[in-house]
Amino acid sequence: MTQEFDLAASLARGVEGRSGAWSFIQDFAAHWVSALKTGDGWTEADLVAAEERLSIQLPTTLREAYLLFGRRRDLTSNHDVLLSPAELYVDDTKEALVFRHENQGAASWGILLDSLEDDDPAVFIRSDLADKTAERWEGWLERLSLCFVEIVLSESVQADGESCDFLDADDDSIELLQQTCVQLSFPAYPVCEEEHPTRWFLGQGVLLRDDDGTAVLARGRTPEDLDRIRDRIPGDWLNDYR
């Protein structure tokens, strides 16, 4: 069954638009986590209640994502947190609808209010700074559907369990990563930091995220897959107790 899912090809289609994004997430969940099922999404009534409370219309992409898998915390909230419909709010500057929080409150992700009518609007991020006057919404990804693909990928490599690990990377380990794995076709992001992009790679049964050469997060389909990538990219892996 696992060989039937070509993650790289599916992701390439997934970054093209909403329908591809949802197909990718469904296939990825089925082959790398657990398949989506009825009840994994919020109900239409939940979304309508949020819209009435906020006096806004939620973008089509946000509605589709919440209806499809919004309640699946293992896909959306292992580390950072996707807000429930009842938790959605407009930020204090009245600029953006906030739908996601960094796990320690250091940042929030949002959609600018003036783009809520777009089916698949851009996503912005705002850091929580000591100097509140310096806080501003900066570009994250050009489309919300891309953001949900990124959420599912990022949360998958930060799940609990023996199939995930973290490497404190250096130049040698990044060079080995590039030599032994294939870079996936996901756009460079955050768009406000084009010189320091986050990149995604695929090894043999292992998904990896390179955070600007400073850290590598990995998820193996099995613990054995993860051990294999640890051997190919030696270093200070956080959870390698062998």
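The values are calculated or read from the model by the stated rules, or taken from the named source; none is laboratory data. Note that the structure is a prediction, hence the values are computed from the model and not measured. A quick note on method: Cβ atoms are made from the backbone with ideal geometry, for glycine too, and the neighbour counts reach across all protein chains shown.
I'm trying to understand the selection: among the residues of the range 159-173, which are crowded, with 17+ Cβ neighbours inside 10 Å and in a loop (DSSP other than H, G, I, E, B)?
Ser163, Ala169, listed by residue number.
Out of all the residues in the range 223-233, is one or more in contact with a Ser or Thr (Cβ under 6 Å, 6 or more places away or on another chain), over 30 Å from Ser115 (Cα atoms) and hydrophobic (A, V, I, L, M, F, W, C)? Can you show your working first?
Going through the range 223-233, the residues in contact with a Ser or Thr (Cβ under 6 Å, 6 or more places away or on another chain) turn out to be 223, 226, 232-233.
Filter once more, so that each one left must be over 30 Å from Ser115 (Cα atoms): 223, 226, 232-233.
Remaining after also requiring hydrophobic (A, V, I, L, M, F, W, C): 226, 233.
So far as the range 223-233 goes, yes, one or more of its residues are in contact with a Ser or Thr (Cβ under 6 Å, 6 or more places away or on another chain), over 30 Å from Ser115 (Cα atoms) and hydrophobic (A, V, I, L, M, F, W, C).
For the range 220-227, state whether one or more residues are under 30 Å from Arg143 (Cα atoms) and of a type outside the set (A, V, I, L, M, F, W, C).
Step one: list which residues in the range 220-227 are under 30 Å from Arg143 (Cα atoms), which gives 220-221.
This time we only want the ones that are of a type outside the set (A, V, I, L, M, F, W, C), so: 220-221.
Yes, there is a match, as at least one residue in the range 220-227 is under 30 Å from Arg143 (Cα atoms) and of a type outside the set (A, V, I, L, M, F, W, C).
Which count do you get for residues in the range 1-47 that are in contact with a strand residue (DSSP E or B) (Cβ under 7 Å, 6 or more places away or on another chain) and over 16 Å from Ile151 (Cα atoms)?
1
Among (1) at pLDDT below 95; (2) farther than 24 Å from Trp140 by Cβ; (3) hydrophobic (A, V, I, L, M, F, W, C), where does Ala188 come up short?
(2)
Give me the pairs, please: first residue somewhere in the range 18-39 and more than 13 Å from Ala65 (Cα to Cα), second residue anywhere and of a type in the set (Asp, Glu), beta-carbon distance under 8 Å, and either six or more positions apart or on two chains.
Short answer, once both residue conditions are applied: His31/Glu4; Val33/Asp74; Ser34/Asp74.
With Glu102, Glu150, Glu135 as the choices, which residue is within 30 Å of Asp225 (Cα to Cα), in contact with a Ser or Thr (Cβ under 8 Å, 6 or more places away or on another chain) and of a type in the set (Asp, Glu)?
Glu102
List every residue pair whose Cβ atoms sit under 8 Å apart, with the two residues 6 or more apart in sequence or on different chains, where the first one lies in the range 83-97 and is under 16 Å from Thr43 (Cβ atoms) and the second, anywhere, is outside any loop (DSSP other than H, G, I, E, B) and modelled with pLDDT under 95.
Between residues of the range 83-97 that are under 16 Å from Thr43 (Cβ atoms) and residues that are outside any loop (DSSP other than H, G, I, E, B) and modelled with pLDDT under 95, there is no close pair.
I'd like to know if the range 50-63 contains one or more residues that are assigned by TED's automatic domain parsing to the domain that holds Leu36, under 16 Å from the mean Cα position of the chain (by Cα) and under 15 Å from Arg143 (Cα atoms).
yes
What are the residues in the range 1-50 that are among the acidic types (Asp, Glu) and in contact with a Phe, Trp or Tyr (Cβ under 7 Å, 6 or more places away or on another chain), if any?
Once the filter is applied, which keeps residues that are among the acidic types (Asp, Glu) and in contact with a Phe, Trp or Tyr (Cβ under 7 Å, 6 or more places away or on another chain), the range 1-50 yields Asp27, Asp40.
Please go through (1) touching a residue at least 60 places away in the same chain (Cβ under 8 Å); (2) polar (S, T, N, Q); (3) out of contact with any strand residue (DSSP E or B) (no Cβ under 7 Å at 6 or more places or on another chain) for Thr76 and return the number of the only condition it doesn't satisfy.
(3)
Considering only the range 59-153, give the strands (runs of 3 or more DSSP E) lying wholly within it that have at least 3 residues that are crowded, with 21+ Cβ neighbours inside 10 Å and at pLDDT 95 or above. Quick ask: steps written out before the conclusion?
On the way: elements: 96-101, 107-112, 123-127, 138-141.
Counting at least 3 such residues, we get 96-101, 107-112, 123-127.
Collect the residues in the range 38-50 that are outside any loop (DSSP other than H, G, I, E, B) and either of a type in the set (Phe, Trp, Tyr) or surrounded by 15 or more Cβ atoms within 10 Å (Cβ to Cβ) (or both), keeping them in residue-number order.
Asp46, Leu47, Ala50 - these are the residues of the range 38-50 that are outside any loop (DSSP other than H, G, I, E, B) and either of a type in the set (Phe, Trp, Tyr) or surrounded by 15 or more Cβ atoms within 10 Å (Cβ to Cβ) (or both).
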